[in-house]
Every structure is written in structure tokens, then in C-alpha cells.
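S.K.: Below: one structure in C-alpha cells.
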Amino acid sequence: MKTAGGAMSRLPFFLFLCLFSFFTASASTKQGQVYIVYLGEDAGAKSKGAILDDHHALLLSVKGSEEEARASLLYSYKHTLNGFAALLSEEEATKLSERTEVVSTFRSDGRWSPHTTRSWEFVGLEEGLSQGWLPSGAHAGENVIVGMLDSGIWPESRSFSDEGLGPVPARWKGVCQEGDSFNSSSCNRKVIGARYYLKAYEAHNGRLNTTYAYRSPRDHDGHGTHTASTVAGRTVPGVAALGGFAAGTASGGAPLARLAIYKVCWPIPGPNPNIENTCFDADMLAAMDDAVGDGVDVMSVSIGSNGKPPRLPDDGVAMGALHAARRGVVVVCSGGNSGPAPATVSNLAPWILTVGASSIDRSFNSPIRLGNGMVIMGQTVTPYQLPANRTYPMVYAAHAVVPGTPANVTNQCLPNSLSPKKVRGKIVVCLRGSGLRVGKGLEVKRAGGAAIVLGNPPMYGSEVPVDAHVLPGTAVSMAGVNTILKYINSSANPTAYLDRSRTVVDVKPSPVMAQFSSRGPNALEPSILKPDVTAPGLNILAAWSEASSPTKLDGDDRVVKYNIISGTSMSCPHVSATAVLLKSAHPDWSTAAFRSAIMTTATAYNAEGGPIMNADGTVAGPMDYGSGHIRPRHALDPGLVYDASFQDYLLYACASEGAQLDHSFPCPASPPRPHELNYPSVAIHGLNGSTTVHRTVTNVGEHGARYSVAVVEPMGFSVKVSPTSLAFARTGEKKSFTIKIAATGKRSRRLKMKYLAGSYTWSDGVHAVRSPVVVLVA
């Protein structure tokens, strides 16, 4: 489980955590653990009451009485899939898993967490458009319903006004669930429904502490409000972050779409529960099941698992998304914030659209004037300013720690690590790494420092997430902090001054891949390239919960209506909004067609025409951004799409993991290889000599279209597409082709690379349908 690493490092606190974990685990063990019992597809032949009776009967087979069986049931999933969540002992769960009607049984735990304006203008610029990102038509996306799985919503935000919207779509079947500070009037024609789910959370952690969260769909954290407004927030003029930064008009990508809120994430109990939320499989699966039953069209899930990714049959989000996709619901998920290490991307199922994060063309420039006359450019949205007319002494945190601070974190400004005697009245230089960025500023303030300069270690390169620190401060790139440290080490009395920050747009190059964005290859199945695409996720302004401060730190009592944060949680709703616009324009398309359109029209180039770069200065590739950066208006008219069915996905699971995901579809003895799934990208691993991949495209453009192919071969490999041209007499016609990939050249040269990338592109002179080709060598 991801935690606020290093938030407290003193021994008494460590002992407290150990005791807290012990008692929590003991309480949970006594009542059993929450397990999900997955029974496959709901064929619709039985009533919901009959399905519930079946679930009770299964529980009765392992429980001592009917009363105990009914009391143990937390959720009965019956809208899209067949299954339930219940409190079970390990022995009971094992017995159920051995029954023929059970596909899988797995524990629901807190391994999931949220992956935490101008961005939409930039998306338009990335497409070469000056008029914006929205398609023509005043009502684009108006009757499309987006289900948000997150931490809830702050419904009073201007971003969720229903002024000028028409009636709620008649097909909507959801509810506005009441609770703490949330009643039926909290919903409107914009936020048309809201529910909350915490049975699995409370089974694990005990009853919710309502000091830190509302027992209702209301958002105490801010994350859910931010993501919801990024997808579908109304156009709101005169918006800015704390301190007036990023001032302008805020808007979601699909400002006329309707929102349905499913609150599934809750604070992690402990000393500072505000910092991060946790989300449980059983709660999320119940929300996904309800969302489809309620009538959502798109599901936006800025949540991912921590650590080793679960197998598909044991992945609640993957199973919920599979059955949602069968019913035409597009599921978009964040890829995670564990980059730039390889094989860290999460949400790996091919029926999920998985999103990485990249920058936009805006910065918040804050010059640092060193005593030697040099000026280093930092970035900040901190509203506080050092008193002018004088410089301040500057100290490196590693030179100012208290005795006993571990040697490997002396430069990290972790809680209680700085010596007030050594930092009082000084600008303190700290490095990112362990602990929270804003927590480092809090530590500098505690020790009496005048300001913080937060520098990047090598792994983060030039990526600079900005924060509203609790004291004057700014952040700098790796190169910037190295220059500052050289000055400190060469001067007997180093000094500096932090100039006021200002918002700057049209920053080049952009986009740049965020170093935190989780990277491929796909740890479960390298033959499916993940992430699928990238979208804006660095320093994104959107609506915020007024119950949460901009830093979420205890003691930060500032209230904001809009906040700037970073993460693939922020990039995911950009792609969800793109799916909304496509769903509005093409209501009859399959979920695979939407994913294909978004992927094959994405670009591998930045707004200036050069290759997309990583923040460390290297050229980015498919393991960083998948097919590339989204271009929503291009995706509206992709020309060709790669389609796939529910049966195709079941075959993929058979081939990839030997997993039979539905009893109605037994795995064949020799299923097609995983890379034969009709996916819009091609990834090959373990290539010995050559292999041939099959793909089928469907014409969604004009009649009489004729396409020819252009290939960019990966270094050391040949790629032959056959046939080299495709002619379509009508819209909806399908054509198949093969891609033969063979090793050429010296093997020793290829082995120097972890993967090699090329592409093939079908073009008719109007559309360019591009697919990356990746060969994994190491």
C-alpha cells in the first residue's frame, strides 16, 4: 500500500504504527477478511432476487447457519457480472474457490489508491488547432453520462452548475444517495446521481472516522472533485489557484456531459489521514456494477493498485471493466505514478484504456537570485513572498540536520530532521525523494527556516511539479539544484533571494513525459503495450473540495475552490472526456472502437514538431507514452478502427494467464497467442527468428476509401505488412492483414536496448491510422 513515505520517522511514531497495524489486523482477522467470489458473466436469465438467493446459498455451504451467511454478505453484484463480496475465513474462501460454479475467489484489500483550464487549450494546440478542442456543435456530449469512481464531489463548486442544461436523460436509473452534509438537493441536472461505498473499507479499518471524511458522496479530500471537473466541469470564468496563479477560464473537456459520482476511496487511518486515500476491490466492484446498471456511458477511474499487479481473475477493477465493456461502457484508468522505473504501469487489461501523464505548455516561473549574480529559474504556486530588499543566507539541508538523521536522507527535510539552530532565517535547499514535497516545506517552517528550495534528484530531471507551500518556496530541476549546490559548496557565506512567481504560457518543448508517470512494459502480459496513450497530468488546475487545504497537511487551514495538482489521476479524466465526445458523435461504436480511435490518432510528436521527450532529456517512446499524446478532434474521425469483442477478451485471458473468466466460454486447447488480440498497437517479446501477427480493421470513414501502408522498422528488425493496400467499398467493411516481424542484423547490437520501436501507418491521404510496433529484447 502506498503511504506518505517518511511522513514521520521517529521511533515512537514507528512503534505506534506497528501497534496500530497489529490491532487493526487482529480485529480484521477475528471477523474474517473481505473476499470477492467471482462467478462470471450475468447472463440475465435470473431475477436479481434469484441471484441474491444463489449467493446466500453459496455462503450457507461454508457458514454454520443461514443467519451467519446473510450477515457475512457485504455486496451482491448482479447488474453486469455475477458475484459477491463477503466476510470469510481463509478456509471458507478456499472451499468456495473449489466449487465448479466459482471462477475465482480473492481478497479485497487496500492495495488500491488514487493516482495523484489551460490543459484543454493545450490539447487543442497539440492538434494544430487555434479554435479549441471541442467538436463543432453546441451540444457535444450533453446527454453522455460519466461515472466517476473516486473520493466523491464538492457539489457547490461553480464547475458543477446545471445552468442552461436540459433535463436529466430519461434512461438514467441512478439515485442521489443522502448522507453527511449531502441530500437530494446536492444533485442537479449536472451531477445527476451520487452513491458511496465503504463496507469493505470499514470491514478492514473499523467504522469511518467522520472527522476526516463525510459518510456520504461529499468529497473531503479534493481528488474526486478535481477529476470530475477535469472531465466535465462547466466553463467558469475568473478562476485561479491560491495566490492568483493560472488565472483564466476553467473548463472540463466535455462541459455539457452529466456526472454520476461513485465514492469508493477513503482516508487511510493513522496520524495524518488527510494525506492519502485507500480504495478496496469489493467497494469499487460494487460501484462499477451499479454504475452500469444506472446507465453510465463512460467510467473514469483515477485509481490503481500498488505493488505487483494482480492477475486478471483477481483484479476487481479489471473484472468490473470487462463486464462494463460488454455493455458498451468505455472504462478509462490512470496508469500510475511509479515511474520512471520500467514495468510499473498498472491497470493492464486490454479492455481498459490506460493513461500516462505528460506536461502542458504552462509554467510558474520563480527566479532564484544567487549571491554570485547567477539566476536559476524555479517554479512555484506558493502565495507567500520573502520580504524584499535583502538577500537571505542559504544552507543545504544535508549540512543542517540533527544528530542521528540517517545518512541516506540527510538532504530530504523529513519531519524533525532539521536543526533550528542551523536553519533559522535561512533559505533551505532540500531534495525530492522520500516524503511529501509539501511536508518538506512544513519541516523547514517548523525549524524556523525562511524559505525552501526543493530540488530534483537525477531521476526526475527537468520535471517540476508545483506546490502551494506553507512558507515562501520554489522548486527547481536537477540541473538547477546542481548549480545551486555548487555555489553553496564554493562560497563561505552563500545567499539568495526568491523573486515573485508568475504564470507563463507557450513553454517549449511541450508536452514532455512526466518522470512520475508509470512505464511499460506490461508486467502481466508484455504482448499488450501499456500505457495506451498519454495526456496532460502535470500541474493541472481544477475544482477542489473546500473541506481540504491545498496541501492536505494538518495545520494548513487555507481554503481553496480550485487547486493545482499532478498525477496520472489528472491525465485519466482528459482521456475520459475525449471518450465522452466520441460517444456523443458515434453512439453505436463499440468500446474497442473508441479505444482504437483515441490510440491510432495520438501523436508521438510535441507541439513544435519534434519527438516527445522525457523530463530527464531522453527521447520518449512507446513504453513511456504508448501510442502517443491524445488528439480528441482527430479521434472523432479516425478512418479505420481495430475492433474486439467480449469473446476476444475471454480468449486473450485464456492465452495470457490460462484463466477462464466465464463458465459459458471454456478455454480452447490452443487459444490464439496474446499478441493476436486485435489491438491497435503491436508488442512482441521472446521473438526467436520471426513471427506473424494478424490484424483486422473496420472502415468508419467514407465509402470507396483506399489505404496504403507505410512502415518504420525497429532497429535490427524487418516489418512486412501484407497486403500493402486496403480498399473499402463501404462504411463498416472489414479488411484483414498480416504483419511479419523478423530479426535482422547483429543480435549483440540489439541486446544493448531493452526494447526497439517502430510503427506502421495506414493512410488514405486524409486519415493517418498509426500503430506502434514494439519488440522487447530484455
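S.K.: Lys/Arg Cβ at +1, Asp/Glu Cβ at -1, dipole of the chain taken about the Cα centre: which of Gly455, Pro309, Leu436 is farthest positive-ward?
M.R.: Going by the Cα projections, it comes out as Gly455.
S.K.: For a test of the definition: using alpha carbon positions, the gyration tensor, and the 1.5 limit on a/c, classify the range 627-778 as rounded, prolate or oblate.
M.R.: oblate
S.K.: While we're on this one: Take each of the peptides 724-735, 534-545, 331-342, 500-511, average the number of other beta-carbon atoms within 10 Å over its residues, and list them starting from the highest.
M.R.: Put in order of decreasing packing, that is 534-545, 331-342, 500-511, 724-735.
S.K.: The list (1) 1.73; (2) 0.95; (3) 1.03 gives values of Cα Rg over 2.2 N^0.38 Å, and only one came from this structure; which label was calculated from it?
M.R.: Only one option fits the structure, namely (2).
S.K.: Additional query: If ligands, DNA and RNA are left out, what is the accessible area of Val34 with a 1.4 Å probe, given in Å² to the nearest 10?
M.R.: 10
S.K.: Oh, and also: Between Cys667 and Glu156, what length comes free when the chain is fully extended (0.36 nm per residue of separation minus the Cα-Cα distance, one decimal in nm)?
M.R.: Length gained, Cys667 through Glu156: 178.9 nm.
S.K.: Counting only protein heavy atoms and a 1.4 Å probe, tell me what percentage of the chain's accessible area is made up of carbon and sulfur.
M.R.: 52
S.K.: Treating the beta-carbon of each Lys and Arg as +1 and of each Asp and Glu as -1, no other charges, what is the dipole magnitude of the chain about its Cα centre, to the nearest 20 debye?
M.R.: Once rounded to the nearest 20, the dipole reads 2300 debye.
S.K.: Right, something else. Hey, what's the chain come to in accessible area per residue, 1.4 Å probe, Å²?
M.R.: On a per-residue basis, the chain sits at 37 Å².
S.K.: Please sort 215-222, 385-392 by packing, taking for each peptide the average over its residues of neighbouring beta carbons within 10 angstrom, highest first.
M.R.: 215-222, 385-392
S.K.: While we're looking at this one, here's another question. What full-extension length gain, to one decimal in nm, is calculated for Arg171 and Lys740 as 0.36 nm per residue of separation minus the Cα-Cα distance?
M.R.: In short, 200.2 nm is gained.
S.K.: Okay, moving on. Compare the Cα positions of Ser510, Pro536, Asn489 along the charge dipole of the range 483-552 (+1 at Cβ of Lys, Arg; -1 at Cβ of Asp, Glu; about the Cα centre) and return the one farthest towards the positive end.
M.R.: After comparing all options, I get Asn489.
S.K.: Using a simple charge model, +1 on the beta-carbon of Lys and Arg, -1 on the beta-carbon of Asp and Glu, nothing else, what dipole does the range 161-219 show about its Cα centre, in debye to the nearest 20?
M.R.: Taking the Cα centre of the range 161-219 as origin, the dipole is about 240 debye.
S.K.: Multiply the residue gap between Met374 and Lys508 by 0.36 nm, knock off their C-alpha separation, and tell me the result in nm, one decimal place.
M.R.: Answer, rounded to one decimal: 46.0 nm.
S.K.: OK, next. In terms of solvent-accessible area of protein heavy atoms at a 1.4 angstrom probe, what is the ranking of Met613, Met459, highest value first?
M.R.: Met459, Met613
S.K.: Among the trypsin sites (Lys or Arg not before Pro) within the range 32-66, which fall in a DSSP loop and have no more than 15 other Cβ atoms within 10 Å of their own Cβ?
M.R.: Taking the range 32-66 and a limit of 15 other Cβ atoms within 10 Å, the loop trypsin sites (Lys or Arg not before Pro) found are Lys46.
S.K.: With unit charges on the beta carbons (Lys and Arg positive, Asp and Glu negative) and the dipole taken about the Cα centre of the chain, which residue among Gly49, Ala407, Val298 sits farthest to the positive side?
M.R.: Among Gly49, Ala407, Val298, the one farthest towards the positive end of the dipole of the chain is Ala407.
S.K.: Still on this model: Take the alpha carbon gyration tensor of the range 137-198, find the square roots of its eigenvalues, order them as a ≥ b ≥ c, and report rounded if a/c is under 1.5; if not, report prolate when a/b exceeds b/c, else oblate.
M.R.: prolate
The values are calculated or read from the model by the stated rules, or taken from the named source; none is laboratory data. All values derive from a computational prediction rather than experimental measurement. Virtual Cβ from ideal backbone geometry, glycine too; neighbours counted across all protein chains shown. In case anyone asks, the SASA skips ligands and DNA or RNA and just uses the protein heavy atoms, side chains included. Shrake-Rupley method; radii C 1.70, N 1.55, O 1.52, S 1.80 Å.
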